[in-house]
Amino acid sequence: MENGFLFNNKLLDIVMVSLIVAQALKVVISIFTEKRINFRKFLDTGNMPSSHTSSVVSLATAIGIKEGISSTFFAISIVLATVVMYDATGVRRAAGKQATVLNKIVNNIKKKEGYVLIEENLKELLGHTPLEVFGGAILGVIIAFLMT
């Protein structure tokens, strides 16, 4: 593997660029969706595009380009990418929906009973919609092809 410019490893560089670009796009997209620049989006989970997905898909794509799609490394990276994308749309998204319900329950108790069970609400935006994961996958493929 050729040397990279950040980590002395081109694959790691591709993954980091993919992650940073995905997170930066969340800030840009917030300009259109929220009508303001929201720099918090750069560090947040959730939203479009999925940076986890763009990272693992860029890794798998770069490995496929460099090592070939019949290589063991490519197979491992595809399995990893599949697990990450499934987790983003399944488990983490479900946990976010559960957090929304729990926050409503706690807020109702606060209103009715007048006391605080917890100081702050649970984080609700944990996972991704299938479209957000698809957007991350497309971004990962594009970045891997541009950088390899």
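The values are calculated or read from the model by the stated rules, or taken from the named source; none is laboratory data. All values reported here derive from a predicted model rather than from experimental measurement. Note: ideal-geometry Cβ built from the backbone for every residue, glycine included; neighbour counts use all protein chains shown.
Numbers for the structure displayed
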item: Those residues of segment 61-87 which are under 11 Å from residue 133 (Cβ atoms) and not hydroxyl-bearing (Ser, Thr, Tyr), in sequence order; result: 81, 84, 85, 87
item: Cβ-Cβ under 8 Å pairs, at least 6 apart or on other chains, segment 134-145 side over 11 Å from residue 51 (Cβ atoms) and surrounded by fewer than 17 Cβ atoms within 10 Å (Cβ to Cβ), far side modelled with pLDDT of 95 or more and of a type in the set (A, V, I, L, M, F, W, C); result: 145/65
item: Those residues of segment 32-60 which are within 19 Å of residue 131 (Cβ to Cβ) and assigned to a helix (DSSP H, G or I), in sequence order; result: 32, 33, 41, 51, 52, 53, 54, 55, 56, 57, 58
